[in-house]
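Everything on this sheet refers to the single structure shown next.
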Amino acid sequence: MQVDAIILAGDKERRSLLPIGKRPMVAWVVAALEVAPSIRRVVVAGPPELAAVLSPEVTLVAAGKTTVESALNGAAAFPEAEWLLMVTADIPLLKPEAVEDFLQRCRQRPADFYYPIVRREANEAHYPGVKRTYVRLRDGTFTGGNMVLIKAGALRVCARQGQELVRLRKSPLALSRLIGLGFILRFLTRQLTIAEAEERFSHLLGARGAGVITPYPEIGIDVDKESDLELARRVLGG
């Protein structure tokens with residue numbers, strides 16, 4: 001399976017340009033993807049300033065007003081693509097082997113889109129003290145990753161439904177009606193399983209989804225606070 005990658009770098013804070021070592025943050029993500037054997041091409045959806053730091057082999061497209069719009073802009077650069085890997089620009093610790101391992105695990109079961117999750121134990125073993133947001137399920141305690149593998153044909157359907165979930169995020173009542181009270185209660189009482197979450201979100205997004213447990217915590221360590229930036233600079237230099 002050859003996959004085309006879309007790096008989402010359209011955040012208003014321009015975090016993708018933060019210096020880490022001798023590179024801006026987005027360059028570390030690009031470098032990891034370019035070396036991964038299963039990645040065919042890379043496009044970045046972000047501001048025009050990124051043109052100065054990207055190699056000629058990487059396509060730059062305009063970021064959208066939302067993450068969903070940015071993803072669609074990136075997908076438009078690969079109209080014939082079968083699979084797309086969407087990656088955020090704020091995971092500079094990403095390793096090629098983490099990308100390849102995730103893609104290999106995705107190949108083990110049929111689905112329209114795949115989302116990586118990381119066990120708390122893996123995070124704390126590799127990066128003691130790192131602060132992440134965790135979700136307790138019956139299968140264990142997990143944090144989410146910062147990439148999604150999706151069939152190109154399923155992207156528009158999932159994007160449309162996903163945008164609706166984002167729109168309702170500030171209306172707990174409307175969101176609970178959409179997701180279902182029983183689902184929320186099982187989550188709150190830590191009885192929810194990965195399989196149940198897959199089933200519910202597959203229904204909500206209109207495509208079959210799968211949660212993939214990855215042993216690589218770098219997929220889930222995004223730079224969204226000062227301590228994350230300090231960790232990235234400590235590991236990568238600078």
Exercise. Name the pairs: first residue in the stretch 222-238 and in a loop (DSSP other than H, G, I, E, B), second residue open to solvent by 70 Å² or more (accessible area, probe 1.4 Å), Cβ to Cβ under 8 Å, at least 6 apart or on different chains?
Worked result: Lys225/Lys131; Gly237/Lys22; Gly238/Pro19; Gly238/Lys22
Exercise. Within the stretch 78-93, can one find any residue that is open to solvent by 20 Å² or more (accessible area, probe 1.4 Å) and under 12 Å from Ile221 (Cα atoms)?
Worked result: yes
Exercise. So, of the residues in the stretch 114-159 that are polar (S, T, N, Q) and closer than 23 Å to Glu226 by Cβ, which turns out to be modelled with the lowest pLDDT?
Worked result: Thr133
For this session: Considering each residue of the stretch 107-132, count those that are open to solvent by less than 30 Å² (accessible area, probe 1.4 Å) and touching a strand residue (DSSP E or B) at 6+ places or on another chain (Cβ under 8 Å), and give that number.
Result: 7
Exercise. How many of the residues making up the stretch 182-221 are touching a Phe, Trp or Tyr at 6+ places or on another chain (Cβ under 7 Å) and either in a helix (DSSP H, G or I) or open to solvent by 60 Å² or more (accessible area, probe 1.4 Å) (or both)?
Worked result: 3
Exercise. Which ones in the stretch 48-62 are touching a Leu at 6+ places or on another chain (Cβ under 8 Å) and in a loop (DSSP other than H, G, I, E, B)?
Worked result: Val53, Leu54
Problem set entry | Any hit, the stretch 17-39, residues being in a loop (DSSP other than H, G, I, E, B), more than 16 Å from the chain's Cα centre (by Cα) and at positive phi | yes
For this session: Consider Val43 carefully, then state whether it is surrounded by fewer than 24 Cβ atoms within 10 Å (Cβ to Cβ) and part of a strand (DSSP E or B).
Result: yes
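For the stretch 84-105, name all the residues that are farther than 17 Å from Leu231 by Cβ and either out of contact with any strand residue (DSSP E or B) (no Cβ under 6 Å at 6 or more places or on another chain) or part of a strand (DSSP E or B) (or both). Full working, then the answer.
Of all residues in the stretch 84-105, those farther than 17 Å from Leu231 by Cβ come to 84-87, 96-97, 99-105.
Answer for the stretch 84-105, where residues must be farther than 17 Å from Leu231 by Cβ and either out of contact with any strand residue (DSSP E or B) (no Cβ under 6 Å at 6 or more places or on another chain) or part of a strand (DSSP E or B) (or both): Leu84, Leu85, Met86, Val87, Pro96, Glu97, Val99, Glu100, Asp101, Leu103, Gln104.
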Exercise. Tell me, which residue of the stretch 63-77 that is of a type outside the set (Val, Ile, Thr) and surrounded by fewer than 19 Cβ atoms within 10 Å (Cβ to Cβ) is farthest from Ile6 (Cα to Cα)?
Worked result: Lys65
Exercise. Can you name the residue in the stretch 214-225 that is out of contact with any strand residue (DSSP E or B) (no Cβ under 6 Å at 6 or more places or on another chain) and among the aliphatic types (A, V, I, L, M) and, of all such residues, is nearest to Asp11 (Cα to Cα)?
Worked result: Val223
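Among the listed residues Glu69, Glu100, identify the single one that is without any contact (Cβ under 8 Å) to a residue 60 or more places away in the chain and within 16 Å of the chain's Cα centre (by Cα). Spell out how you get there, then give the answer.
On the way: Glu100 fails: without any contact (Cβ under 8 Å) to a residue 60 or more places away in the chain.
Step by step, each of Glu69, Glu100 is checked, and only Glu69 is without any contact (Cβ under 8 Å) to a residue 60 or more places away in the chain and within 16 Å of the chain's Cα centre (by Cα).
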For this session: Could you pull out the residue among Arg156, Arg136 that is over 22 Å from Glu100 (Cβ atoms) and either among the hydrophobic types (A, V, I, L, M, F, W, C) or outside any strand (DSSP E or B) (or both)?
Result: Arg156
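The values are calculated or read from the model by the stated rules, or taken from the named source; none is laboratory data. All values reported here derive from a predicted model rather than from experimental measurement. Cβ: placed from backbone, ideal geometry, glycine included. Neighbour counts: every protein chain shown. To get the accessible areas, we keep the full protein, side chains included, count just its heavy atoms, and leave off ligands, DNA and RNA. Shrake-Rupley method; radii C 1.70, N 1.55, O 1.52, S 1.80 Å.
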